[in-house]
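We did not get these values from a lab; they are worked out from the coordinates using the rules stated. Just so we're clear, the structure is a prediction, and the values are computed from it rather than from any experiment. FYI the Cβ positions are ideal-geometry reconstructions off the backbone, even for glycines, and counts take in every protein chain you see.
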Amino acid sequence: MTTENSSLNPRGKDVLIEVKGLQKHFKNSTVKALDGVDTTIKRGDVVVVIGPSGSGKSTFLRCLNLLEVPSGGHIWFEGKDITDKKNDINKMRQKMGMVFQSFNLFPHKSVKENIMMAPVKLGVMKKDEATERTKQLLDRVGLPDKIDAYPGNLSGGQKQRVAIVRALAMNPDVMLFDEPTSALDPEMIGEVLDVMKKLAREGMTMVVVTHEMGFAKEVGTRVIFMDSGKILEENTPQEFFGNPQNERLRSFLSKVL
Amino acid sequence: MTEWFNDLKAQFILNFINEGRWKYLLNGLGITLEITFFALLLGISIGVVIAIIRSSYDNTVETMDSGLGHTILKLLNAISKVYLTVIRGTPVVVQLLIMYYIIFATSNNKIFVAVLAFGINSGAYVAEIVRSGIMSIDKGQMEAGRSLGFNYVQAMAFIIIPQAIKNVLPALANEFITLLKETSVSGYIALQDLTKGGYIIIGRTYSAFMPLIAVALIYLILVMFFTWLVGKLERRLRSNDH
Ligand SMILES: Nc1ncnc2c1ncn2[C@@H]1O[C@H](COP(=O)(O)OP(=O)(O)OP(=O)(O)O)[C@@H](O)[C@H]1O
Ligand SMILES: [Mg+2]
């Protein structure tokens, strides 16, 4: 039995996500998007993933909640193998929030409905409870007055903050971010990063693909450098930026810093 | 001038007032609306289901690995394709006659037969309209829904279909108007719909002008009314986003 394998992890309960030998080969592509990725994400970790375009960062993140189906390897989330079809992926996704570069808010629903839809329809919360939580969360991201607005009437930064709240409303154990500020006008990046930093400081486990090195340095507990579908370096922010070992990481950092 | 007017008046009285002949039109209108309404419901139900089958198949044909689910989807997709080809490749009158004289030869519930025939016919057109609507929705919408924990059917029902329908509302409205007009062949199975009502009056009065113009006018007013209604609905939906 490899599905319930918390005994396999020496750090026991602390481990939230365990990735082993992860491979992804898109059918219509000749290169391997992921070529043997191993890593461990513990509760409270803020893992920042950086790397050049096409290096597999998004693919890696999207494999974590099975939006992409891995071609090989395993991912255990809270001790359960998500690649095992016997495990209910929908149930597991309820505990993994995801924030997209292009927000993906539901345009036909108000902010409130966007946020409450999943908790209520999936039976995680009663309607009153969800309303209460929606208000609380919107307060926390500074958007209490937008509760009845429609996504079309929000700025990019506001949309992304609502998207973060929508994911948080399910009380996830981990939040996955795929370049959450890349589609934003420069003046709006700060407001979204502030929300994410607050979340990190409150102890939320996060995996963040981003080009914002400041975020990595400020709240990251670990930084991962990916290239050609592989993790080439993985270290604390201090070591990662202060003392990079890998040659390609050094040349990458010299270009972006 | 007055002679012409008096003649018109006499014609009117002959065709509509005498023996309460206007009732043929009114009752016929009722039947037309009844058939159209239920056929519409049936057509939308069939259309949405077929559209979901077809677009699910198109979306997963490359990524899904062979398993029971895929085999079932493949089969449903094949059945849907046959349905679309047959229904869109044959005249609705012929479908109606086949339904009445062959499939339901023993039933004499003509309205039921007509609703079934027109609903099944309309479903084929609705399916293609809704499918184009589903295809027009950004794939990030499905991903966002799935990432929250919705299963495929829930994401379709709560997120994709409402947006898809909204996007194709004008095309659906056109299909509805086409359906309303197409029910005018119901007379082929001796149903007394609006058109047939006018036809019966002609048979009694031996004058075609007034009854036919009246029938045409009623259809026209209905179509204009529904066009206006859909426009209003569309504006209300649109004001919700952007
Ligand atoms: N749906 C897909 N079909 C085929 N190939 C894909 C698909 N998605 C990604 N790829 C390929 O997989 C590789 C990794 O892509 P991925 O999107 O993970 O990179 P990334 O690091 O997120 O890049 P970026 O910084 O541009 O977002 C690339 O070569 C890309 O072309
Ligand atoms: Mg990417």
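Tell me which helices (runs of 4 or more DSSP H) are completely within segment B:113-181 and hold 2 or more residues being facing another protein chain (nearest Cβ under 10 Å) and buried (at least 22 other Cβ atoms within 10 Å of the Cβ), or say none if there are none.
In segment B:113-181, B:139-147 are the helices (runs of 4 or more DSSP H) which contain 2 or more residues that are facing another protein chain (nearest Cβ under 10 Å) and buried (at least 22 other Cβ atoms within 10 Å of the Cβ).
Looking only at segment A:24-61, count how many residues are touching a residue at least 60 places away in the same chain (Cβ under 8 Å) and either under 18 Å from A:Asp173 (Cβ atoms) or more than 6 Å from ligand 1 (Cβ to nearest atom) (or both).
The total comes to 21.
Which of the residues belonging to segment A:62-80 are of a type in the set (A, V, I, L, M), part of a loop (DSSP other than H, G, I, E, B) and more than 14 Å from ligand 1 (Cβ to nearest atom)?
Hit for segment A:62-80 is A:Leu66, nothing else.
Every residue, every condition in (1) in contact (Cβ under 8 Å) with a residue 40 or more places away in the chain; (2) charged (D, E, K, R), yes or no:
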{"site": "B:Arg146", "(1), (2)": "no, yes"}
{"site": "B:Asn151", "(1), (2)": "no, no"}
{"site": "B:Glu175", "(1), (2)": "yes, yes"}
{"site": "B:Ile201", "(1), (2)": "yes, no"}
{"site": "B:Ala208", "(1), (2)": "no, no"}
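Look at A:Val162 and say whether it is within 14 Å of chain B (Cβ to nearest Cβ), touching a Pro at 6+ places or on another chain (Cβ under 9 Å), of a type in the set (A, V, I, L, M) and closer than 18 Å to A:Lys109 by Cβ.
Working: within 14 Å of chain B (Cβ to nearest Cβ): yes; touching a Pro at 6+ places or on another chain (Cβ under 9 Å): yes; of a type in the set (A, V, I, L, M): yes; closer than 18 Å to A:Lys109 by Cβ: yes.
Yes: the conditions hold for A:Val162.
Considering only segment A:48-64, state which residues are in contact with a helix residue (DSSP H, G or I) (Cβ under 8 Å, 6 or more places away or on another chain) and surrounded by fewer than 24 Cβ atoms within 10 Å (Cβ to Cβ). Can you show your working first?
First, pick out the residues of segment A:48-64 that are in contact with a helix residue (DSSP H, G or I) (Cβ under 8 Å, 6 or more places away or on another chain): A:48-52.
A:Pro52 - this is the single residue of segment A:48-64 that is in contact with a helix residue (DSSP H, G or I) (Cβ under 8 Å, 6 or more places away or on another chain) and surrounded by fewer than 24 Cβ atoms within 10 Å (Cβ to Cβ).
When the residues of segment A:98-135 are narrowed to those that are of a type in the set (Asp, Glu) and more than 13 Å from chain B (Cβ to nearest Cβ), which ends up farthest from ligand 2 (Cβ to nearest atom)? Before you say what the answer is, go through the steps one by one.
Just the residues of segment A:98-135 that are of a type in the set (Asp, Glu), to begin with: A:113, A:128-129, A:132.
Within this subset, residues satisfying the condition of being more than 13 Å from chain B (Cβ to nearest Cβ) are A:128-129, A:132.
Numbers: A:Asp128: 39, A:Glu129: 35, A:Glu132: 35 Å.
Of everything passing the filter in segment A:98-135, A:Asp128 is farthest from ligand 2 (Cβ to nearest atom).
Go through segment A:165-204 and count every residue that is within 13 Å of chain B (Cβ to nearest Cβ), more than 16 Å from ligand 2 (Cβ to nearest atom) and either farther than 21 Å from A:Ile50 by Cα or surrounded by fewer than 21 Cβ atoms within 10 Å (Cβ to Cβ) (or both).
Final tally of qualifying residues: 9.
Select from segment A:137-156 the residues that are assigned to a helix (DSSP H, G or I) and of a type in the set (D, E, K, R) and write down the one among them that is farthest from the chain's Cα centre (by Cα).
Here the residue is A:Asp145.
Could you list all residues from segment A:43-69 that are within 14 Å of chain B (Cβ to nearest Cβ), of a type in the set (D, E, K, R) and within 10 Å of ligand 2 (Cβ to nearest atom)?
Step one: list which residues in segment A:43-69 are within 14 Å of chain B (Cβ to nearest Cβ), which gives A:58-59, A:61-69.
Filter again for of a type in the set (D, E, K, R), leaving A:62, A:68.
If the condition is that a residue be within 14 Å of chain B (Cβ to nearest Cβ), of a type in the set (D, E, K, R) and within 10 Å of ligand 2 (Cβ to nearest atom), then A:Arg62 is the only one that fits.
Filter segment A:23-42 down to the residues that are under 30 Å from A:Gly203 (Cα atoms) and within 16 Å of ligand 2 (Cβ to nearest atom), then identify the one that is nearest to the other protein chains (Cβ to nearest Cβ).
Out of the qualifying residues, it is A:Leu34.
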